[in-house]
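Student: The structure that follows is given in the form of C-alpha cells.
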Amino acid sequence: MKKQGGISGELMILFSIITIIAVIAIPNLLRGRIQGNEQAAVYRLNKIIGEQESFAKSHDGKYAVTFTELANEKTLPKTDYSMPLQGYRFSLSAVNEGEDYIITAAPAAPGRTGFKYFYTNRTGVIRQENNMPTTAASPKMN
C-alpha cells in the first residue's frame, strides 16, 4: 500500500539535484556581478578623468569641484553621483580651489556590490585597495 501525503523518492532526488546546482551556480553569478560592477567603476573613473581634463582646458587649468559643475559644462552626463551607480558610490573633492581633485569610488554594499575601492586625482592614475578605502599611497591598479 502506498503512503499518502509523502514526497516520492524521485521528487527528493530532483530537489537534491536542484539544490546542488543552486549551491554551485549562485556564488559564481554573484562573483560575476561584482566583477562587472568593479569594471564599470573603473570605466566611469576613466571617463570622469577625461572630462576633468577637458574642463580644465577651458577654465584656465582649474578642475571642476563638483560633479554638477562637470555636468553643467555638458561634458559629463547629468548623472546623480550621490546615488550608487552599478553598485558603487563616487565622490569628488576639490583640492586647492580646483588646482587638483580627488575622486573615489567605494562599493555601496562592501562585499556584496564590490570588494575593490578606487582613488584617482589629476595624475590620472587609478589606485585600488581590496576591502579598504584608498589613498594617494595605495597601489596602482594593474
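Student: For ASP60, only one of the following conditions fails: (1) at positive phi; (2) modelled with pLDDT under 80; (3) not β-branched (Val, Ile, Thr). What is its number?
Tutor: Failed condition: (2).
Student: Take ASN46 and tell me if it is in contact (Cβ under 8 Å) with a residue 60 or more places away in the chain, surrounded by fewer than 18 Cβ atoms within 10 Å (Cβ to Cβ), out of contact with any Ser or Thr (no Cβ under 7 Å at 6 or more places or on another chain) and of a type outside the set (A, V, I, L, M, F, W, C).
Tutor: Yes: the conditions hold for ASN46.
Student: Identify, from the list ARG44, ARG89, the residue that is within 12 Å of the chain's Cα centre (by Cα) and assigned to a strand (DSSP E or B).
Tutor: ARG89
Student: Continuing with this model, one more query. Suppose we keep only residues that are touching a Phe, Trp or Tyr at 6+ places or on another chain (Cβ under 8 Å) and among the acidic types (Asp, Glu) within segment 58-74. Which one would you say is farthest from LEU85 (Cα to Cα)?
Tutor: GLU73
Student: Could you look through segment 105-138, keep only residues that are crowded, with 18+ Cβ neighbours inside 10 Å and of a type in the set (Val, Ile, Thr), and pick out the one that is nearest to the chain's Cα centre (by Cα)?
Tutor: THR113
Student: Residues of segment 99-142 being touching an Asp or Glu at 6+ places or on another chain (Cβ under 6 Å), outside any loop (DSSP other than H, G, I, E, B) and among the charged types (D, E, K, R), which ones?
Tutor: If the condition is that a residue be touching an Asp or Glu at 6+ places or on another chain (Cβ under 6 Å), outside any loop (DSSP other than H, G, I, E, B) and among the charged types (D, E, K, R), then LYS116 is the only one that fits.
Student: Something else now. I need a count of the residues in segment 55-67 that are exposed (fewer than 15 other Cβ atoms within 10 Å of the Cβ) and outside any loop (DSSP other than H, G, I, E, B). First the steps, then the outcome.
Tutor: Pass one, segment 55-67, residues exposed (fewer than 15 other Cβ atoms within 10 Å of the Cβ): 57-61, 66.
This time we only want the ones that are outside any loop (DSSP other than H, G, I, E, B), so: 57.
Total meeting the criteria: 1.
Student: Follow-up. Can you tell me which of (1) surrounded by 13 or more Cβ atoms within 10 Å (Cβ to Cβ); (2) touching a residue at least 40 places away in the same chain (Cβ under 8 Å) is the one GLY98 doesn't meet?
Tutor: (2)
Student: Something else about it: Applying the selection to segment 13-44, what residues are within 18 Å of TYR81 (Cα to Cα) and basic (Lys, Arg)?
Tutor: The answer is ARG44, and nothing else.
The values are calculated or read from the model by the stated rules, or taken from the named source; none is laboratory data. Quick caveat: nothing in here was measured; it's all calculated off a predicted structure. Positions of Cβ are backbone-derived with ideal geometry, glycine not excepted, and every protein chain shown enters the neighbour counts.
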